[in-house]
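Student: Got a structure here, written out as structure tokens. Questions coming.
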Amino acid sequence: MASSKDRQRALARAKLDRQNARRAARERRRRRILAGVGAGVAVLVIVAGVAWLGGFFDGDDDQATDPAAQDVCAWTPQSAQSNTELKEVGTPPTKDVPLSGTRPMTVTTNQGPITVSLDVTNSPCGAASLTHLASKKFYDNTDCHEVTSFGALHCGDPSGTGRGGPTYSFYNENMPAAPAVYKKGTVALISDPPGQNGSQFLVFLKDYKPTGEALYPVVGAVTAGADTLAKISKIPTVDNGSGDKVKPKDKITIQTLTVGEAVADAPSPGLSGSPGRPEDQASEASTAPSNSQS
């Protein structure tokens, strides 16, 4: 898994390559211009053309090695016409995205409050997306529509279909290394198909060890609200209308979801044994019961 610094360096190299290609194209164009004009006109073309074609008015060259000026996150447009469950809320920023520390996320539900520490260091784009959507009140008054068969609360889809989200997606970050373990209290993104993340996320109510490849990129961990998780884990599940017993019998509604400012150089919570994360979850979250379904 590439670090944030590696991603910055790769983006800087890619941008420098694009600038070099543009310079080469300008030079070829300059040669064609000079070959096709008369001697008298060529003098004027050289004076004005060298300044323009040589990149005198190019303002991005000085940014090639400036990390703050690089595009950190790539937001891929998604069509609300082909998927009517998507909601237009704009896109998060591509520059000046915090790359270290944590952000506090407060999820107020009808079952009680949950506090999450978003891992900005290992999941800067996931944290940026959640921050953007929270600022648009995207999650307010939406239901967490299922408790998965592996014991995770599934939230963040206003349509409740598994297909809802914003009109953009972004790539996976912070994928657990094999053998993956999603510890109780882990918060991860979920998408269908995998790797096209949007607004949907999981809160693990018990430890989960996938038998195959990990599918859910980790974005943070619960730091407060163990009582709420315990209460939710005791809610029985019923048939969701498609033959799967995953729909909570009692509604679990996000009343409000807010994200605070980034706290630099704070410890990054996350999965045990995964790169860039400490070995232990927050102590309060670790006390939550592990039974997720009846």
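The values are calculated or read from the model by the stated rules, or taken from the named source; none is laboratory data. Being a predicted model, the structure only gives us computed values, none of them experimental. Here the Cβ is made from the backbone with ideal geometry for all residues, glycine too, and neighbour counts use every protein chain on show.
Student: Would you tally the residues in segment 124-157 being in contact with a helix residue (DSSP H, G or I) (Cβ under 9 Å, 6 or more places away or on another chain) and of a type in the set (Ser, Thr, Tyr)?
Tutor: Here the count works out to 1.
Student: A follow-up question, please. Select, from Gly112, Gly101, the only residue that is within 17 Å of the chain's Cα centre (by Cα), in contact (Cβ under 8 Å) with a residue 60 or more places away in the chain and on the phi > 0 side of the Ramachandran plot. Walk me through it before giving the result.
Tutor: Working: Gly112 fails: within 17 Å of the chain's Cα centre (by Cα).
After ruling out the rest, the residue left standing is Gly101.
Student: Looking only at segment 185-210, which residues are buried (at least 24 other Cβ atoms within 10 Å of the Cβ) and under 20 Å from Thr91 (Cβ atoms)?
Tutor: Start the filter on segment 185-210 by keeping residues that are buried (at least 24 other Cβ atoms within 10 Å of the Cβ), which leaves 185-189, 197-199, 201-205.
Of everything in segment 185-210, those that are buried (at least 24 other Cβ atoms within 10 Å of the Cβ) and under 20 Å from Thr91 (Cβ atoms) turn out to be Leu189, Asn197, Gly198, Ser199, Phe201.
Student: Let me ask another. Those residues that are closer than 16 Å to Val203 by Cα and not in a loop (DSSP other than H, G, I, E, B), I need them from segment 238-254; list them, please.
Tutor: Hits for segment 238-254 are Val246, Lys247, Pro248, Thr253, Ile254.
Student: Let me spell it out: the conditions are (1) crowded, with 24+ Cβ neighbours inside 10 Å; (2) on the phi > 0 side of the Ramachandran plot, and Tyr182 meets all of them except one. Which number is the exception?
Tutor: (2)
Student: Among strands (runs of 3 or more DSSP E) lying entirely in segment 82-193, which contain 1 or more residues that are within 23 Å of Lys249 (Cβ to Cβ) and touching an Asp or Glu at 6+ places or on another chain (Cβ under 8 Å)? Reasoning before the result, please.
Tutor: Working: elements: 102-109, 112-119, 152-155, 186-189.
The qualifying strands (runs of 3 or more DSSP E) are 112-119, 152-155.
A quick yes/no check of all residues on (1) under 18 Å from Val218 (Cβ atoms); (2) among the aliphatic types (A, V, I, L, M); (3) in contact with a Lys or Arg (Cβ under 9 Å, 6 or more places away or on another chain):
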| site | (1), (2), (3) |
| --- | --- |
| Glu88 | no, no, no |
| Thr102 | yes, no, no |
| Thr106 | no, no, no |
| Ser159 | no, no, yes |
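Student: Let me ask something else about it. Answer yes or no as to whether Ser123 is more than 28 Å from Leu99 (Cβ to Cβ) and either in the same structural domain as Pro113 (by TED's automatic domain parsing) or surrounded by fewer than 23 Cβ atoms within 10 Å (Cβ to Cβ) (or both). Explain how you work it out, then say what you get.
Tutor: Working: more than 28 Å from Leu99 (Cβ to Cβ): no; either in the same structural domain as Pro113 (by TED's automatic domain parsing) or surrounded by fewer than 23 Cβ atoms within 10 Å (Cβ to Cβ) (or both): yes.
Taking the combined requirement at face value, the residue does not satisfy it.
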